[in-house]
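Below is one structure; the comments refer to it alone.
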Amino acid sequence: MNTNLKEILNDEQKASEQKVICGDSLAIMRGFADKQFDLVLTSPPFNLGNRHHTGAKYHEAYEDEMDEDDYQKWQIDALNELWRVVADNGSVLYQHKNRIRDGLQISPYEWLFKTNWKVKQELVWFNGSQNFDKVRFYPMTERIYWLAKTGDIELENKINHHDLFNWKPTGTNTDHTRAFPLELAKDMIGCFPNAQTILDPFMGSGTTLVASKYLNRNATGIEISEKYCEIARSRLSQEMLF
């Protein structure tokens, strides 16, 4: 049976609700009703390999090594499933990066342009990542792609900001070493004041849901790792979030 969260949660008199679902994102999304989410904020695994480094620190955050063709097909499938479950006036904020494989850059545009989505804008996050391999200019940026179904969709730039951001990275010293900053999630969600139902299909440690709770929005997160599901539940259960 399809689950329509808008019917369940769209009650202005009750506090916002955040729901953690542990499992495969594609399989779970296929059980959702059409057009039930207003906004998606997500950062999928980047396919960086199971062991990568930031400066001299190596990370083995989770299984993250697929054949590149398989990875890109997976992301196309996930984004097209999001197309189905996001409202016609909704948006997707898709956080990713340019990666280097075999000495060549792989841009997310290689698969974004193969999806149903239109690219509204590309935001640049200068995170100062310590990647000092002297064989190239140091890559220290990531991206957020604002995706919509038509060019008519608008946001409200409540933070009065340009398209270059410098949120301070927070993930490398936590249990989830690839988490994006809470301020990133709060800033992005806050610019969509009419978005009341939010989805993060690659939830990680739950930053999107924590920001949604702070902003009194209803949110659903999907995460395949039971460890990170428990971390997210623990964060959301804290009486004092900030």
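The values are calculated or read from the model by the stated rules, or taken from the named source; none is laboratory data. All of these numbers come straight from a predicted model, not from anything done at the bench. Backbone-built Cβ (ideal geometry, glycine too); neighbour counts: all protein chains shown. Each accessible area value is taken on the protein alone, full model and side chains, heavy atoms only, with ligands, DNA and RNA left out. Shrake-Rupley method; radii C 1.70, N 1.55, O 1.52, S 1.80 Å.
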Out of 155, 164, 123, which single residue is within 16 Å of the chain's Cα centre (by Cα) and at pLDDT 95 or above? 123
I'm checking my understanding of the structure. Among residues of the range 137-153 that are part of a loop (DSSP other than H, G, I, E, B) and of a type in the set (D, E, K, R), which one is nearest to residue 170 (Cα to Cα)? 149
Answer yes or no as to whether residue 7 is more than 20 Å from the chain's Cα centre (by Cα), modelled with pLDDT under 95 and not in a strand (DSSP E or B). yes
Cβ-Cβ under 6 Å, sequence separation 6+ or interchain: first residue in the range 34-45 and in contact (Cβ under 8 Å) with a residue 24 or more places away in the chain and surrounded by fewer than 24 Cβ atoms within 10 Å (Cβ to Cβ), partner part of a strand (DSSP E or B) and of a type in the set (Ser, Thr, Tyr). Which pairs? 38/197
Find the residue count for the range 99-136, including only residues that are open to solvent by 80 Å² or more (accessible area, probe 1.4 Å), closer than 17 Å to residue 164 by Cβ and outside any strand (DSSP E or B). 0
Those residues of the range 202-233 which are open to solvent by 20 Å² or more (accessible area, probe 1.4 Å), farther than 17 Å from residue 37 by Cβ and not aromatic (Phe, Trp, Tyr), in sequence order: 224, 225, 226, 227, 230, 231, 233
Note down all Cβ pairs under 8 Å where the first residue falls in the range 191-202 and is of a type in the set (S, T, N, Q), the second is assigned to a loop (DSSP other than H, G, I, E, B), and they're at least six residues apart or on different chains. 196/10; 196/217; 197/10; 197/36; 197/217
Within the range 188-231, of all residues that are polar (S, T, N, Q) and in a helix (DSSP H, G or I), the one farthest from the chain's Cα centre (by Cα) is 212
Hey, which of the strands (runs of 3 or more DSSP E) in the range 26-87, taking only ones fully inside, have at least 3 residues that are of a type outside the set (D, E, K, R) and either at pLDDT 95 or above or over 16 Å from residue 100 (Cα atoms) (or both)? 37-42
In the range 154-166, how many residues are assigned to a loop (DSSP other than H, G, I, E, B) and either crowded, with 18+ Cβ neighbours inside 10 Å or of a type in the set (Ser, Thr, Tyr) (or both)? 1
